[in-house]
Amino acid sequence: MVKYGRLTNGGDVLFGKSPAQRHPQVRVRCAAFPTDKTDDAYRDFKNFEGPLVSVLDDVFAFIRRNTSSGSVFAPKSLMREDRGLYPDEALREGLVNAFAHRDYADFRGGVVVQVFPRRVEIWNAGSLPDGVTPDDLIRGQISILRNPDIAHVLYLQGFMEKLGRGGVLIDHACKEQGLPAPEWRSDARGVTLIFRAPEVTPEVQRVTKALTQELSRQELQQALALKDPDHLRMAYLRPALDSGLVEMTLPDKPNSRSQRYRLTAQGKQWLASQGKKP
């Protein structure tokens, strides 16, 4: 990381105080959208810059706060465990992959993270090395490193697998949590990793079936026979809202006493497809 008493470019990216002043392409742009399409309406938007590891943590936190989470009981345990919609280890591995394999030589490049209600996309500049395909990533058959020094430091700090097994770990973590297999796409501009949410969770199914009419949060809690309002919010309401099947009657005033919840047109269609009348 140091040559002739000065940080190398890789060392600057990893440890420099303000590397974006010298390497503008290290900035990471993150956006969370209220629908499944990109537009000018953001639910959350942030640009991150700084030493690589701190930016990595900031971007991970951005994804977690903009995706739903719920509480589950681990097997053979009485302790409740908070779990994000997407497995933490898969998100971290996907981000590390983007940071380690991006093309830092292109000043127009970077990393872009987009969070939608039903998916998360992580894009990094730089196409896959010659001869490497998205299927190779899934099978863990890639050992070509675009930035070997950066990758080595991340490996030493325990952030990444040096044997190119990141794709395998991501795929396994998603399947273990019941998610669709992650999708890799590559073109001349860059590589995109897409995480997709499950179609409709059992909790969301219960919410949609309970909303035969507009209900307040308290009424919905009673209809679902739930005792913990926080559990209702995190495991039921927020995923239902993120799914696009349920909406607030007062979306601009989420904490209003008059707030109620109802099915969207998409929610009514889904319910009808289950043989239920909204």
Practice prompt. Count, please, the residues in the range 92-150 that happen to be of a type in the set (Lys, Arg), out of contact with any Lys or Arg (no Cβ under 8 Å at 6 or more places or on another chain) and at pLDDT 85 or above.
Written response: 1
Item to complete: Could you check, for the range 214-222, whether at least one of its residues is part of a strand (DSSP E or B) and not small (Gly, Ala, Ser)?
Response: yes
Response to the item:
Within the range 27-57, residues being under 15 Å from residue 14 (Cα atoms) and either touching a residue at least 12 places away in the same chain (Cβ under 8 Å) or touching a Pro at 6+ places or on another chain (Cβ under 7 Å) (or both) number 10
Worksheet entry | Criterion (of a type in the set (Ser, Thr, Tyr), open to solvent by 80 Å² or more (accessible area, probe 1.4 Å) and more than 30 Å from residue 103 (Cβ to Cβ)) met by exactly one of 212, 264 | 212
Item to complete: Answer yes if at least one residue in the range 52-63 is among the polar types (S, T, N, Q), open to solvent by less than 30 Å² (accessible area, probe 1.4 Å) and either under 16 Å from residue 98 (Cβ atoms) or at pLDDT 90 or above (or both), and no otherwise.
Response: no
Worksheet item: Is there a residue in the range 161-180 that is among the aliphatic types (A, V, I, L, M), under 30 Å from residue 8 (Cβ atoms), open to solvent by less than 30 Å² (accessible area, probe 1.4 Å) and out of contact with any Lys or Arg (no Cβ under 7 Å at 6 or more places or on another chain)?
Response: yes
Response to the item:
Screening 96, 120 for residues that are part of a strand (DSSP E or B), in contact (Cβ under 8 Å) with a residue 60 or more places away in the chain and within 18 Å of the chain's Cα centre (by Cα) leaves only 120
Discussion item. Out of everything in the range 227-240 that is open to solvent by 40 Å² or more (accessible area, probe 1.4 Å) and free of Cβ contacts under 8 Å to residues at least 40 places away in the same chain, what residue ends up being nearest to residue 201 (Cα to Cα)?
Written reply: 233
Discussion item. Quick check on my filter: what residues within the range 188-203 are crowded, with 17+ Cβ neighbours inside 10 Å and part of a loop (DSSP other than H, G, I, E, B)?
Written reply: 197, 200, 201
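The values are calculated or read from the model by the stated rules, or taken from the named source; none is laboratory data. Model, not experiment: these values are computed from the prediction. Here the Cβ is made from the backbone with ideal geometry for all residues, glycine too, and neighbour counts use every protein chain on show. Note: accessible area is taken over every heavy atom of the protein model, side chains too, but ligands, DNA and RNA are not part of it. Shrake-Rupley method; radii C 1.70, N 1.55, O 1.52, S 1.80 Å.
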